[in-house]
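Data block below; observations after.
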Amino acid sequence: MKKQFTEEQIIGFLKETDKGVPVKDLCRKHGFSDASYYLWRGKYGGMDVSDAKRLKKLLAESMLENEVTREALRKKW
């Protein structure tokens, strides 16, 4: 069974290891693999929850802008 964790939860997990919790214990406690931890650390390492939310919002706005541009170009032709 695959679990889904939010960005906020993942950043919280990463912060726990900053406080001294061993990676193996953290993974066992929350039910994810070491590999997932290291992938998340590469993606979210050094971020705060507010940073992740801001990035998510910027990405959504950019994708919306691209879609509007594509739609406008389709109507022209």
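The values are calculated or read from the model by the stated rules, or taken from the named source; none is laboratory data. Given the structure is predicted, the values throughout are model-derived calculations rather than measurements. Cβ sites come from the backbone with ideal geometry, for glycine too, and all protein chains shown count toward neighbours.
When the range 44-66 is filtered for residues that are loosely packed, with under 13 Cβ neighbours inside 10 Å and among the basic types (Lys, Arg), the ones remaining, listed by number, are 54, 56, 57.
With respect to residue 69, determine if the residue is among the polar types (S, T, N, Q), surrounded by 10 or more Cβ atoms within 10 Å (Cβ to Cβ), assigned to a helix (DSSP H, G or I) and touching a helix residue (DSSP H, G or I) at 6+ places or on another chain (Cβ under 8 Å). Break it down stepwise before answering.
Values: among the polar types (S, T, N, Q): yes; surrounded by 10 or more Cβ atoms within 10 Å (Cβ to Cβ): yes; assigned to a helix (DSSP H, G or I): yes; touching a helix residue (DSSP H, G or I) at 6+ places or on another chain (Cβ under 8 Å): no.
No.
For the range 30-59, a residue qualifies if it is touching a helix residue (DSSP H, G or I) at 6+ places or on another chain (Cβ under 9 Å) and among the basic types (Lys, Arg), and the qualifying residues are 41, 43, 53, 56. Only a single item in (1) acidic (Asp, Glu); (2) at pLDDT 90 or above; (3) within 18 Å of the chain's Cα centre (by Cα) is not met by residue 7, and it is number (2).
Quick one: would you say residue 50 is among the hydroxyl-bearing types (Ser, Thr, Tyr), out of contact with any strand residue (DSSP E or B) (no Cβ under 9 Å at 6 or more places or on another chain) and farther than 16 Å from residue 6 by Cα? Even if it seems obvious, please write down each step before you answer.
Details: among the hydroxyl-bearing types (Ser, Thr, Tyr): yes; out of contact with any strand residue (DSSP E or B) (no Cβ under 9 Å at 6 or more places or on another chain): yes; farther than 16 Å from residue 6 by Cα: no.
No.
Take residue 53 and tell me if it is touching a residue at least 24 places away in the same chain (Cβ under 8 Å) and part of a helix (DSSP H, G or I). Against the criterion (touching a residue at least 24 places away in the same chain (Cβ under 8 Å) and part of a helix (DSSP H, G or I)), residue 53 qualifies.
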